[in-house]
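Here is the structure we will look at.
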């Protein structure tokens, strides 16, 4: 998302640090590669009509800092998918196993709160956690205990990517998703 507040006629009119602040804001709001993967799946496999990235609750303040990574809305069946995406390719971990579970529980609670406060008009709410590498054991055991959170982790994550790869092989039109476009290019390479 790019917001332009004021255009300066010359660099001498631009206050110190404004350019750096604008660039930081621009890049901090851009979706991460893992978020594009989830957005592609929601749009192209689950049929969501609307995909939004890095959604923040309205009103600002500290609550406004707590973003939701990807939200997909399917208008036909009144379904919303709220997704937390953690793309740690060497394995999911925040400081310690217990801290990792605590953070994901907190994020899931935030997903539920956002859905109840702002997405009540949709009849179905799905809460997802996407991560490509989650070590089996403590983390998977405790993630499984989070009620109402669908886990797309490790092997299931890989299966979802394969679904997108198979679709990319059969299609050539640009869907507006950078990750899926890359899959299409790779699947249509020729010698």
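Some observations on this one:
So that you can scan it fast, the table gives a plain yes or no per residue for (1) loosely packed, with under 14 Cβ neighbours inside 10 Å; (2) in contact with a strand residue (DSSP E or B) (Cβ under 7 Å, 6 or more places away or on another chain); (3) in contact (Cβ under 8 Å) with a residue 60 or more places away in the chain:
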| position | (1), (2), (3) |
| --- | --- |
| 133 | no, no, no |
| 142 | no, no, no |
| 158 | yes, no, no |
| 161 | no, no, yes |
| 168 | no, no, no |
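- Filtered residues of region 70-105 (kept if in a strand (DSSP E or B) and at pLDDT below 95): 94, 96
- The number of residues in region 52-69 being in contact with a helix residue (DSSP H, G or I) (Cβ under 7 Å, 6 or more places away or on another chain) and either more than 23 Å from residue 125 (Cβ to Cβ) or modelled with pLDDT of 90 or more (or both) comes to 3.
- Test: residue in region 76-83 that is touching a strand residue (DSSP E or B) at 6+ places or on another chain (Cβ under 9 Å) and closer than 29 Å to residue 185 by Cβ: yes
- If you go through region 106-137 and keep only what is under 25 Å from residue 161 (Cα atoms) and not in a loop (DSSP other than H, G, I, E, B), you end up with 107, 108, 111, 124, 125, 126, 127, 128, 129, 130, 131.
The values are calculated or read from the model by the stated rules, or taken from the named source; none is laboratory data. What you see is a predicted model, and the numbers here were worked out from it, not measured in a lab. Glycine also receives a Cβ, built like all others from the backbone with ideal geometry; neighbour counts cover every protein chain displayed.
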